[in-house]
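Undergrad: Got a structure here, written out as structure tokens. Questions coming.
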Amino acid sequence: MTVGNIFATEALLADGWQRDVLIEIEGDLIVRVTPNTVSSGAEIASGAVIPGMPNLHSHAFQRAMAGLTERSGPSGDNFWAWRELMYRFLERITPEDNEAIAMQLYIEMLKAGYTSVAEFHYLHHDERGDAYANPAEMAERVIAASVTAGIGLTLLPVFYAHATFGGTPPNPGQKRFIHDVDGFNALLDRLMKQQGSARRIGIAPHSLRAVTPQELKALVAHLDSHDRRAPIHIHAAEQLKEVDDCLTWSHQRPVAWLLAHASIDARWCLVHATHLNDDETFRLAESDAVAGLCPSTEANLGDGIFNAPDYFLQEGSWGIGGDSHVGVDPFRELAIVEYAQRLKSARRNILHTPGSDSIGGGLYRQALAGGARALGQNVGAIAANCRADLVVMNSDDVALAEHAGDTLLDAAIFGPARQPVRDVMVGGAWAVRDGRHALEQVAFTRYRTTLKRLLN
Ligand SMILES: [Zn+2]
């Protein structure tokens, strides 16, 4: 449902919290923002209005795996054992399943306050590892799910070609991901035609394990032939074994290698960047690339703790991603960013940001800016010429009642809020009203059917 203008008694603008704000919207864009004014017939929001959060890293199909990998095994569980289980699970996913899972997930994201998502999409081929009749079948299912749910999308088709460093052949569990450079570029050409105001296309070379330096160069050159500013995301330094293997291969750590060889700048998102030494931390911050933190997944997988205190001191750009979707809640992700540091240092209120003494307020603002940069979309702010992606906070949630300004964000992030979000708008249209999405029952029924088949 497309709406007209919105009036907020309190709204988080680029220069901070303001009162009595008229947000004028035309089409999918905010065209004017006026604080300290009157409603002039605009719809009056029922609570504080904040920019919707971009989710900068998603593997949608993994939503259906949450809860399936939490039993201890005989040989010691780790990321690599989890990955084997994930490979077995995805063996059976059909295009219909992929769309059903993504639609369910995107509706959950919207209800939680995410208004856009970067889908790091690597499930390309059929169960035998052959291309579908339409090579973009799976990618187009992701697009269809985003359109039906009404969430902004940055689609990042993943290039995956090798099992590990040095260009080794892929293993059988990876057969649904694999492309050569020409095949991948043909897929990208096709997807590039589907860009729109709520959709951006970039690329995701999976990791330095899965892509050789020559392939990386060829992929970026081809992307540049379409769009020299299109986003590029890559997994980097998530696991210590990956760092060790990269050192053996190149005598450099993954992030150091990328900084030395790949012209890393603001169009890049280094997903995780968990294991950084001091030099990498400083230079990544200086590069203007986004560190793509995925706090609940990194905790779930036992990845390690990002060097946030030093990175924040250098004013590095970062945002949050749902990754495997063991959590679908931007406020909870931000709490984990700070809590990891508190647990590590046995102190409180660690991650200060310039111009804010509120930890939650600072984290929310920084994740908005980094998320918008990573998605390559004009979102993440209530300002003229930004897409109208807005969240109305739920002042009837007991944890938020009577809170305002940054304290409201601190309460949403660090308090026991169950439903901090009431209404959600994407591109000038309401996707969630009064905590509900119009298609949530349809999506859930379809998801249930899919899960029943996949689990049996
Ligand atoms: Zn990932």
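None of the figures in this text is laboratory data; all of them are computed from the coordinates on show. Remember, predicted model here, so these are calculated numbers, not experimental data. Note that we place each Cβ from the backbone using ideal geometry, even for glycine, and neighbour counts take in every protein chain shown.
Undergrad: Find how much the distance from E402 to E137 grows on full extension, using 0.36 nm per residue of separation minus their present alpha carbon separation; answer in nm with one decimal.
TA: Numbers: separation 265, 0.36 × 265 = 95.40 nm, distance 4.83 nm.
So the extension gain works out to 90.6 nm.
Undergrad: Would you kindly derive the ³J(HN,Hα) couplings of segment 120-132 from the backbone phi angles with the Karplus curve 6.51 cos²θ - 1.76 cosθ + 1.60 (θ = phi - 60°), listing them in order in whole Hz, with x for Gly and Pro?
TA: 8, 9, 10, 8, 9, 10, 7, 4, 8, x, 8, 5, 5
Undergrad: Counting Lys and Arg as +1 and Asp and Glu as -1, each charge on the Cβ, what is the dipole of segment 315-365 about the Cα centre in debye, to the nearest 20? Kindly include the intermediate steps, with their values, before the conclusion.
TA: Details: 6 positive and 6 negative charges, 52 e Å.
Using only the charged Cβ atoms, the result is roughly 240 debye.
Undergrad: Also, I was wondering about something else. From the phi of every residue in segment 17-30, what ³J(HN,Hα) in whole Hz does the Karplus formula 6.51 cos²θ - 1.76 cosθ + 1.60 yield, where θ is phi - 60° and glycine or proline is x?
TA: Values, residue by residue: 6, 9, 9, 6, 9, 9, 10, 9, 10, 10, x, 9, 10, 6 Hz.
Undergrad: What percent does the relative contact order of segment 305-360 come to when contacts are Cα pairs within less than 8 Å and at least six residues apart? Can you show the working numbers first?
TA: Values: 30 pairs, mean separation 19.8, N = 56.
Normalised by residue count, the contact order of segment 305-360 is 35 percent.
Undergrad: Between helix 181-192 and the chain, what is the angle of the helix's C-alpha long axis to the longest principal axis, kept within 0 to 90° and rounded to the nearest 10?
TA: It works out to around 20 degrees.
Undergrad: Considering the convex hull of the alpha carbon atoms of segment 55-103, report its projected area averaged over all viewing directions, in nm², one decimal.
TA: Taking a quarter of the hull surface, the average projection is 4.2 nm².
Undergrad: Using unit Cβ charges (K, R positive; D, E negative) and no other charged atoms, how large, in debye to the nearest 20, is the dipole of the chain about its Cα centre?
TA: With Lys and Arg at +1 and Asp and Glu at -1, about 680 debye.
Undergrad: Counting just the Cα atoms, what span does segment 290-363 cover along each of its three principal axes? Round to the nearest Å and put the largest first.
TA: Largest to smallest, the principal-axis extents are 32, 24, 19 Å.
Undergrad: Would you work out which of G371, Y339, T281 lies farthest towards the positive end of the dipole of segment 276-426? Charges go on Cβ: Lys and Arg +1, Asp and Glu -1.
TA: Among G371, Y339, T281, the one farthest towards the positive end of the dipole of segment 276-426 is Y339.
Undergrad: Give me the net charge of V442's neighbourhood, meaning all other residues with Cβ under 15 Å from the Cβ of V442; Lys, Arg count +1, Asp, Glu -1.
TA: Details: positive: K111, R436, R446, R448; negative: E96, E99, E108, E440.
Counting the neighbours of V442, the net charge comes to 0.
Undergrad: Could you tell me what % of all Cα pairs in segment 1-62 have separations over 14 Å?
TA: 59 percent
Undergrad: I'd like the projected area of segment 272-396, averaged over all directions, using the convex hull of its alpha carbons. Report it in nm² with one decimal. Don't skip to the answer; put the middle values down first.
TA: Working: hull surface 35.0 nm².
In nm², the orientation-averaged hull projection of segment 272-396 is 8.8.
Undergrad: Using Cα-only point scatterers and the Debye equation, what is log10 of I(q)/I(0) for segment 337-385 at each q in 0.13, 0.26, 0.31, 0.32 Å⁻¹, rounded to two decimals?
TA: -0.39, -0.95, -1.09, -1.11
Undergrad: Moving to a separate point now. With runs of 4+ DSSP H residues as the only contributors, calculate the mean residue ellipticity of the chain at 222 nm using -39,500 (n - 2.57) per run, divided by the residue total and rounded to the nearest 500.
TA: On the way: 14 runs with 170 residues, N = 456.
Helix contribution divided over all residues of the chain: -11500 deg cm²/dmol.
Undergrad: Continuing with the same structure: Going by alpha carbons, how many degrees (0 to 90, nearest 10) lie between the helix axis of 79-90 and the longest principal axis of the chain?
TA: With rounding to tens, the tilt is 90 degrees.
Undergrad: Something else about it: Take the Cα atoms of the chain, find their three principal axes, and give me the spread along each one in whole Å, biggest first.
TA: 64, 48, 48
Undergrad: Taking H placed 1.01 Å from N in the peptide plane, check which residues at least 5 places from R32 or on another chain put their amide H under 5 Å from its amide H.
TA: E24
Undergrad: Rg and Dmax of segment 57-144, using alpha carbons, in Å: what are they?
TA: 14.3, 42
Undergrad: Place a +1 charge on the Cβ of each Lys and Arg in segment 330-456 and a -1 charge on the Cβ of each Asp and Glu, then give the dipole magnitude about the Cα centre in debye, rounded to the nearest 20.
TA: Details: 16 positive and 12 negative charges, 147 e Å.
With only Lys, Arg, Asp and Glu charged at Cβ, the dipole is about 700 debye.
Undergrad: Any idea what the relative contact order of segment 1-102 is, in percent, if you count C-alpha pairs under 8 Å spaced at least 6 apart? Write down the numbers at each step before the final one.
TA: On the way: 120 pairs, mean separation 22.8, N = 102.
After rounding, I find 22 percent.
Undergrad: What is the spin-label model distance, in nm, from K241 to E70 if the labels are put 7 Å beyond Cα along the C-beta direction?
TA: It is 2.3 nm.
Undergrad: While we're on this one: Which of P95, Y114, A136 sits farthest toward the positive end of the charge dipole of segment 78-162, with +1 on the Cβ of Lys and Arg and -1 on the Cβ of Asp and Glu?
TA: Ranked along the dipole, the leading option is Y114.
Undergrad: If the convex hull of the alpha-carbon atoms of segment 1-115 is projected onto planes in all directions, what is the mean projected area in square nanometres?
TA: 10.8 nm²
Undergrad: From the C-alpha coordinates alone, can you work out the Kirkwood hydrodynamic radius of segment 222-307, in Å? Please report the intermediate quantities before stating the final value.
TA: Numbers: mean 1/r = 0.0751 Å⁻¹.
About 13.3 Å for segment 222-307.
Undergrad: Let me ask something else. Going by how many other beta carbons lie within 10 Å of each one, how would you line up S72, S263, fewest first? Don't skip to the answer; put the middle values down first.
TA: Values: S72 7, S263 12.
By the 10 Å Cβ count, ascending: S72, S263.
Undergrad: Using the number of other C-beta atoms within 10 angstrom as an exposure proxy, rank T281, T115, T164, T37 with the fewest first.
TA: T37, T164, T281, T115
Undergrad: Angle between the Cα long axis of helix 240-250 and the longest principal axis of the chain, 0 to 90 degrees, nearest 10?
TA: Orientation of helix 240-250: about 50 degrees from the principal axis.
Undergrad: Over the chain, calculate the relative contact order: mean separation of alpha carbon pairs under 8 Å at least 6 apart, over the residue count, as a percent.
TA: Values: 995 pairs, mean separation 96.6, N = 456.
Answer for the chain is 21 percent.
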